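Okay, structure first, notes after.
The values are calculated or read from the model by the stated rules, or taken from the named source; none is laboratory data. Since the model is a prediction, treat every value here as computed from it, not as a measurement. With ideal geometry, Cβ positions are generated from the backbone for all residues, glycine too; neighbour counts draw on all protein chains shown.
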Amino acid sequence: MLLVSLIASAAPRSISSIGLGSHPSASNLNEPLIKMYAHPFDGYTLFAPMQSNITYLINNSEEVVHTWGSAYRPGLSAYLLENGSLLRTASVETSPNFTAGFGAGGCVQEINWNGTIVWEFEYSNGQHLLHHDIEVLPNNNVLMIAWEYKTAEEAIAAGRNPNLPSQGKLWPDHIIEVEPTGATGGNIVWEWHVWDHLIQDYNSTKENYGVVANHPELVDINFAGGRISPDLNHINSVDYNEQFDQILLSVNTYAEIWVIDHSTTTEEAAGHTGGNSGKGGDILYRWGNPQAYRAGGAGDQKFFKQHDAQWIKLDLHGSGNILVFNNGRNRPDGAYSSVDEIVPPVDANGNYSLISGSAYGPEEQIWIYKAENPTDFYSSGISGAQRLPNGNTLICNGQSGTFFEVTSEKEIVWEYLNVFPEAGRNNVFKIRRYGRDFPGLLDLIHPHDVAVINVTLDKTKVIQGQEVTIEAIVENQGSYTESFNVTAYANTTKIGKETVNNLGQDLSQFLGFTWNTSSFILGNYTLSIVADVIINETDTLDNTFIGGIINVKVLYHDVAVVDITSLKTIIGQKYLAHINVTVRNQGDYTEMFNLTLNATTTIISTLTNITLMSGNSTTISFTWNTTSVVYDNYTISCYIPPVQNETYTANNILVDGWIFVSILGDVDGDLDVDIYDVVKITGVYRSEKSDPDYLPNSDINGDGIIDIYDVVICTSHYGQSAS
């Protein structure tokens with residue numbers, strides 16, 4: 001296994017797809033190998049199980065390194081702050097008008113490393129309620145998602161179609177920015193409301209009546225009218241882009257992501273002008289379901305109940321792109337989830353391009369992760385994903401409580417099944433991983449941690465007795481100077497050991513090993529480099545690095561017949577049959593050998609002293625004169641007698657094809673020359689070898705063209721029978 005503490009399904013697919021044939025050629029013996037297997041991003045994963053009051057921080061070895069307790073379950077997200085505290089939503093459930101709201105919270109708590117609540121902000125009453133997600137801004141203010149309560153009368157006044165199935169009342173979303181104050185308070189310094197940016201084409205007496213297709217910057221209040229729930233938008237994630245001063249929202253019921261301007265004042269955010277964009281609080285960009293603004297049909301929908309939309313951070317692979325967990329509920333081609341990455345059509349100033357009357361680009365995602373069998377990976381709700389500094393993507397299947405990390409090539413390199421609070425109640429909204437250099441952890445976790453971070457081999461196929469040169473890099477990822485041993489293994493056999501002395505924090509060291517394969521039997525060996533577990537080391541997963549698979553073999557003799565081709569399968573007696581035979585030297589030595597071509601038991605020809613160098617092939621052309629051959633169907637085969645010391649001889653003979661020798665003029669092989677033969681010839685008359693309709697059997701005289709001469713040969717024997 002690649003990762004000793006992972007479940008079997010986490011092994012990269014590349015392990016089973018490495019081609020190590022039984023007879024590799026000598027020319028491939030020295031193929032270089034550079035870091036064959038990927039490792040997970042080293043850090044700590046934070047998650048808050050939805051049915052638990054405890055938030056957990058685990059390392060890559062699946063060990064819990066810290067927990068935070070609360071009086072409440074999450075509502076629903078949790079994040080680490082750079083001061084080492086936990087910022088966590090809490091489900092206080094004190095609002096009477098929002099009792100049926102999935103993802104209800106109402107409160108945000110900051111809990112320090114020691115478990116003390118150092119700040120708390122509650123936003124929960126009959127008119128509004130926090131839910132789902134929060135986002136910390138660079139100025140330490142916090143963006144929060146909240147519902148606001150609208151009566152049925154207010155909804156109808158805003159152009160809501162009363163005939164739509166619903167409860168009458170609506171809970172449109174709004175975003176607030178809170179400046180923490182004191183231990184239990186905060187100032188709302190900015191806010192944005194969906195309710196200020198509505199359009200509808202149902203009631204022409206309302207101020208927001210208009211042509212929905214002409215206003216992609218506005219929200220059709222009647223679009224998601226098929227929902228009985230009053231939760232109009234169900235925004236389930238919020239993210240911030242400091243470069244553009246913009247906010248990204250995942251709008252679940254509309255199957256879209258929205259981008260809005262944060263540079264506005266609250267007054268401008270309620271209107272249609274102002275801010276960097278000049279568009280106030282209107283939608284700057286939307287993607288995932290152009291049906292929502294009448295710019296596409298059902299076939300254009302890309303997102304299906306998506307979650308956790310976020311800009312990929314600067315300096316990461318895909319920087320500036322948008323990553324989304326696409327749940328896939330009601331997906332037309334089946335119920336499966338994916339992680340989708342798109343490249344938004346944005347310029348350096350944060351302006352998004354749109355051709356009037358069309359949908360926002362891009363047309364397709366640039367990267368999609370899904371399971372090889374798509375339905376094996378599915379979470380109808382919750383869930384999330386995160387792009388990591390090593391280019392991998394961390395994924396949370398929220399409903400099953402499964403976390404896993406994949407490379408850009410979609411290989412799984414880490415997997416964890418949440419066990420908290422217990423099996424069957426282990427669902428998780430989303431997760432985040434923080435690197436060992438995250439400021440909030442540097443002064444709080446002082447691990448002893450050494451790691452093997454890379455292994456390079458100078459060859460992956462070797463002749464028994466040759467040496468393999470191995471280079472490894474070890475790194476001190478902890479906070480203390482360390483001395484330790486590093487051992488190289490071929491399978492479980494020790495092939496070398498080096499000692500690292502006084503390696504300082506964040507420093508790395510190259511180590512060299514030489515493996516003499518003389519005493520090793522033939523076969524495949526997994527090469528691993530293992531750093532000793534040092535005292536008090538907890539993250540031991542990265543102490544082992546699988547460097548690759550090495551094939552130890554001996555030189556061998558092997559010649560093979562690899563192909564037999566004949567232009568014609570039916571030939572008139574006395575004409576020549578042309579047969580090509582391809583042979584290959586698949587061994588490690590230059591060989592001289594003989595070759596015999598047979599038609600059933602009749603020897604057509606024998607060639608002697610054919611010389612081929614290792615790895616080379618040649619095609620030999622034979623001519624078979626059928627003048628004295630009796631009418632019959634002949635099986636064509638070719639045989640090479642074994643060369644000296646050749647042990648694998650199954651490929652020395654090849655039986656491939658047949659040739660039917662018949663009366664002149666018989667081109668369909670029924671032993672009669674009749675009208676059917678004439679039709680076959682005249683049907684492709686004047687066709688040549690290069691033509692697609694050329695039939696070699698109809699070219700009786702074999703001159704490369706089907707012409708009058710072939711017709712004459714056929715008709716001159718018309719009515720004759722070989723029988």
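Here are Val419, Val462: which of them is modelled with pLDDT under 95 and over 28 Å from Ile366 (Cβ atoms)?
Checking each option against the conditions leaves just Val462.
Condition check: without any contact (Cβ under 8 Å) to a residue 60 or more places away in the chain, crowded, with 16+ Cβ neighbours inside 10 Å and not hydrophobic (A, V, I, L, M, F, W, C). Does Thr481 satisfy that?
No.
Consider Phe510 carefully, then state whether it is touching a Phe, Trp or Tyr at 6+ places or on another chain (Cβ under 9 Å), among the aromatic types (Phe, Trp, Tyr) and either in a strand (DSSP E or B) or closer than 30 Å to Gly105 by Cα (or both).
no
From (1) surrounded by 17 or more Cβ atoms within 10 Å (Cβ to Cβ); (2) farther than 16 Å from His262 by Cα, pick out the condition that doesn't hold for Ile134.
(2)
Just checking, how many residues over segment 39-62 are aliphatic (A, V, I, L, M), outside any loop (DSSP other than H, G, I, E, B) and farther than 21 Å from Gly478 by Cα?
The qualifying residues number 2.
What single numbered condition from (1) farther than 30 Å from Trp624 by Cα; (2) out of contact with any strand residue (DSSP E or B) (no Cβ under 7 Å at 6 or more places or on another chain); (3) surrounded by 20 or more Cβ atoms within 10 Å (Cβ to Cβ); (4) not aromatic (Phe, Trp, Tyr) fails to hold for Asp558?
The single condition Asp558 does not satisfy is (1).
So, in segment 213-236, of the ones that are among the small types (Gly, Ala, Ser) and farther than 15 Å from Gly101 by Cα, which residue ends up modelled with the highest pLDDT?
Checking each candidate, the answer is Ala213.
Tally up the residues in segment 314-333 that are in a strand (DSSP E or B) and over 26 Å from Lys279 (Cβ atoms), please.
Residues that pass the stated criteria total 2.
Quick check on this structure: which one of Tyr639, Tyr634, Tyr648 is more than 18 Å from Ile579 (Cβ to Cβ) and of a type in the set (Ser, Thr, Tyr)?
Result of the check over Tyr639, Tyr634, Tyr648: Tyr648.
Just the residues that are buried (at least 18 other Cβ atoms within 10 Å of the Cβ) and assigned to a loop (DSSP other than H, G, I, E, B), please, taken from segment 334-364.
Within segment 334-364, Tyr336, Ser337, Pro344, Gly350, Ala359, Tyr360 qualify.
So, Asp315, is that one at pLDDT below 95 and surrounded by fewer than 20 Cβ atoms within 10 Å (Cβ to Cβ) or not?
When the stated conditions are applied, Asp315 passes them.
Could you tell me how many of the residues in segment 257-313 are in a loop (DSSP other than H, G, I, E, B), of a type outside the set (Gly, Ala, Ser) and within 36 Å of the chain's Cα centre (by Cα)?
Residues that pass the stated criteria total 14.
Whether any residue in segment 48-64 is surrounded by 16 or more Cβ atoms within 10 Å (Cβ to Cβ), of a type in the set (Ser, Thr, Tyr) and either out of contact with any strand residue (DSSP E or B) (no Cβ under 9 Å at 6 or more places or on another chain) or farther than 16 Å from Gly440 by Cβ (or both) is what I want to check.
The answer is yes; a qualifying residue exists.
Look at Thr635 and say whether it is modelled with pLDDT of 95 or more and either out of contact with any strand residue (DSSP E or B) (no Cβ under 9 Å at 6 or more places or on another chain) or of a type in the set (Val, Ile, Thr) (or both).
So Thr635 passes the test.
Of everything in segment 65-87, what is of a type in the set (A, V, I, L, M), surrounded by fewer than 23 Cβ atoms within 10 Å (Cβ to Cβ) and in a loop (DSSP other than H, G, I, E, B)? Give them in sequence order.
Ala71, Leu81
Can you name every residue in segment 407-437 that is among the charged types (D, E, K, R) and within 16 Å of His39 (Cα to Cα)?
Glu409, Lys410, Glu411, Glu415, Arg433, Arg436
Looking only at segment 634-679, which residues are in a helix (DSSP H, G or I) and either surrounded by 18 or more Cβ atoms within 10 Å (Cβ to Cβ) or within 52 Å of the chain's Cα centre (by Cα) (or both)?
Result: Ala650, Asn651, Asn652, Asp677.
Just give me the residues in segment 159-180 being touching a strand residue (DSSP E or B) at 6+ places or on another chain (Cβ under 6 Å) and either aliphatic (A, V, I, L, M) or free of Cβ contacts under 8 Å to residues at least 12 places away in the same chain (or both), in sequence order.
Correct list: Leu170, Ile175, Ile176, Val178.
Among (1) part of a strand (DSSP E or B); (2) surrounded by fewer than 17 Cβ atoms within 10 Å (Cβ to Cβ), which single condition is Ile535 missing?
It is condition (1) that Ile535 fails.
Between Ile221, Ile199, which is closer than 20 Å to Gly280 by Cβ and touching a helix residue (DSSP H, G or I) at 6+ places or on another chain (Cβ under 7 Å)?
Ile199
Within segment 645-680, how many residues turn out to be in contact with a Gly (Cβ under 9 Å, 6 or more places away or on another chain), of a type outside the set (D, E, K, R) and without any contact (Cβ under 8 Å) to a residue 60 or more places away in the chain?
Residues in segment 645-680 being in contact with a Gly (Cβ under 9 Å, 6 or more places away or on another chain), of a type outside the set (D, E, K, R) and without any contact (Cβ under 8 Å) to a residue 60 or more places away in the chain: 2 in total.
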